[in-house]
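To start, the structure under review is shown below, and the notes come after it.
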Amino acid sequence: MEEVEEPQVGPDQVMIEVLAAGAAFGNTVLRSGKAPLPLPFAKYGDV
C-alpha cells in the first residue's frame, strides 16, 4: 500500500469516502487472470 494525493473532483463527479475495504477470493482470481471472462463483463459493484 502507498499513500497518494486526494483526487480532485470535477463538476459532474462525486467523491465517496471508503472507511474499510477488503478483497474477496473471487475478486483476486478475476484480477489474476486465472478465470478469464468474456467481455463485456461488469463485476460485482461493491465498494
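Throughout, read-outs are computed from the coordinates displayed, never taken from laboratory work. What you see is a predicted model, and the numbers here were worked out from it, not measured in a lab. Positions of Cβ are generated from backbone atoms using ideal geometry, with glycine treated the same way; all protein chains shown enter the neighbour counts.
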Margin query: Consider the stretch 12-29. How many of its residues are polar (S, T, N, Q) and under 17 Å from Met1 (Cβ atoms)?
Written below: 2
Notebook entry, point to check: Within the stretch 16-34, can you find the residues that are surrounded by 10 or more Cβ atoms within 10 Å (Cβ to Cβ) and assigned to a loop (DSSP other than H, G, I, E, B)?
Noted result: Ala24
